[in-house]
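The values are calculated or read from the model by the stated rules, or taken from the named source; none is laboratory data. Note that the structure is a prediction, hence the values are computed from the model and not measured. Cβ: placed from backbone, ideal geometry, glycine included. Neighbour counts: every protein chain shown.
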Amino acid sequence: MADGSQERKGLRFAVEVFFTIFLVISVLFYHVQALTSFEMVQKVGLSVAHDVIDIQSMLEDGYPELITFAKLYPDENITLPGIGIDLGIKAKELASVPKDQIGDYLTKAVIKRIYYEGLSNAYGLSGVGKDISDIQGAIDFVDTFVNKGFHDLALLIFYISAVLAAVLAIALYRLSPGFKKLTGFGSSFLMAGITGIPLLVIRSQVEHVVRDSSVGLLMASKTILPFLADMWLCYLIILLLGLSLFLVGISGIFITRGRAKIPG
C-alpha cells in the first residue's frame with residue numbers, strides 16, 4: 001500500500017509539473033499569435049504610415065501622375081518612386097480610389113503582400129542596392145516573424161499546449177484527493193504566474209531602448225508594450241487565482257485534520 005501511495009504521489013507531482021509547463025506555454029503563445037495576426041500587423045503598419053512616413057501627403061502630391069499612369073498603362077504595376085520597388089499593384093486598381101484614401105489603400109496592399117509572401121520575397125529587396133544593408137537586420141526580423149507562416153506556427157503551438165494543459169488538468173484533478181485538488185492547482189497556477197514577473201523588467205528595458213527613437217517608440221507603443229502589458233495582466237490573474245486556490249486548499253486540509261483529531 002505504501003509503495004502504491006508513493007507511486008501515486010510521484011505521478012501526481014509529474015502531472016503537476018507538466019501541467020504548469022504547458023499552461024505557461026499556452027499563455028505565452030496565445031499572446032504571440034495575437035501579436036503576429038494580420039489585423040495587428042496591419043494596424044501597426046497603418047500607424048507607421050500615418051504618423052512617421054505621412055504617406056498620404058506624399059502620395060497626394062503625385063496623385064495626378066498616378067491617375068494618368070493608371071489610364072495610360074492600366075495593366076502595369078505601380079513602382080515605388082526613387083527606390084524602384086514593384087508594389088505588385090495594377091495601375092488600373094487605383095483609378096477608382098479617392099485621393100484622400102490613396103495612402104491607406106497602397107499601405108494596406110503593401111502590408112498584405114509582406115504578410116503573406118514575406119518582405120524579401122514580395123519586393124525582391126536583394127536587388128535594390130547597398131542602401132538596404134543598413135536595415136538588413138530589420139528586414140530579416142520581418143521575414144522571420146511578421147508573416148502568416150510564423151503566426152500559424154504560434155497558433156498551432158498554442159492549440160497543442162492548451163489541449164495538453166486541459167488533459168493534464170483532468171489527470172491532476174483525478175489524482176488529487178480532497179483539498180489537495182485545490183493545493184495542486186493552486187501551486188501550479190502560482191508557479192505559472194511567477195514566470196510573468198520578468199516581463200516587468202523586460203518592459204522597462206524596452207521603454208529605455210526606444211525612448212530616444214520616435215519610430216521605435218511608436219512601434220513599441222503599438223505592439224511590444226501592449227503585448228507585455230496584456231501578458232503581465234494574464235500572469236497576474238493566474239498568480240492571484242493560484243494563491244487563492246492554494247490558501248483555500250491549505251485551510252481545508254488543516255480544518256479537516258483538526259476535526260479528525262477531535263474525539264467523537
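Write out, first by first residue and then by second, each pair whose Cβ atoms fall under 6 Å of each other, whose residues are 6+ apart or on separate chains, and whose first residue, in region 142-157, is within 11 Å of residue 35 (Cα to Cα) and of a type in the set (A, V, I, L, M, F, W, C) while the second is at pLDDT below 90 and part of a helix (DSSP H, G or I).
So the pair list comes out as 146/41; 154/32.
Look at region 139-166 and say how many of its residues are farther than 19 Å from residue 44 by Cβ, of a type in the set (Val, Ile, Thr) and either loosely packed, with under 14 Cβ neighbours inside 10 Å or within 13 Å of the chain's Cα centre (by Cα) (or both).
2
Are any of the residues in region 170-182 at pLDDT below 85 and either of a type outside the set (S, T, N, Q) or assigned to a helix (DSSP H, G or I) (or both)?
no
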